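The values are calculated or read from the model by the stated rules, or taken from the named source; none is laboratory data. Computed from a predicted structure; not experimentally measured. Virtual Cβ from ideal backbone geometry, glycine too; neighbours counted across all protein chains shown.
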Amino acid sequence: MKSLAELKAIKEKMQSKVVLREGGEEIRVVVGMATCGIAAGARPVLNAFVEGVNKENLTSKVSVSQTGCVGLCQYEPIVEVYESGKEKVTYVKMTEEKAAKVIEQHLKGGKIVAEYLVSEK
């Protein structure tokens, strides 16, 4: 960074991501970002949700945030989706590609992606 203008440009670029993490009340997407989650790849998953929700113009109804330990280390990265009036949905072993599918089918389409849930096998 070499100038104040460059710093302002970075601030403006990142502002939409900060608003995305704080806004939206209808649907909350929460990514487990404890040590085990980060080690399993949660950071790219969090970024995929932030960028995907922003790209799909879902920021008015969806917020993306992070939390600490979810308590299911063997299933990390874990993403929980909270919707008003519905039970929490917990997606496990998430990747950036899976995040894109959850955004398309669940957040946009309202259909839970059952193949990414904990199986009873």
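Yes/no matrix, rows are residues, columns are (1) assigned to a helix (DSSP H, G or I); (2) basic (K, R):
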position	(1), (2)
P44	yes, no
F49	yes, no
G52	yes, no
S60	no, no
G85	no, no
K93	no, yes
Considering region 81-116 alone, what residues qualify as being touching a residue at least 12 places away in the same chain (Cβ under 8 Å) and of a type in the set (A, V, I, L, M)?
-> V81, V89, V92, M94, A99, A100, V102, I103, L107, I112, V113
Select, from E83, E56, the only residue that is closer than 12 Å to R28 by Cα, touching a strand residue (DSSP E or B) at 6+ places or on another chain (Cβ under 9 Å) and not polar (S, T, N, Q).
-> E83
From the set of residues in region 18-54 that are of a type in the set (D, E, K, R) and exposed (fewer than 15 other Cβ atoms within 10 Å of the Cβ), which is modelled with the highest pLDDT?
-> E26
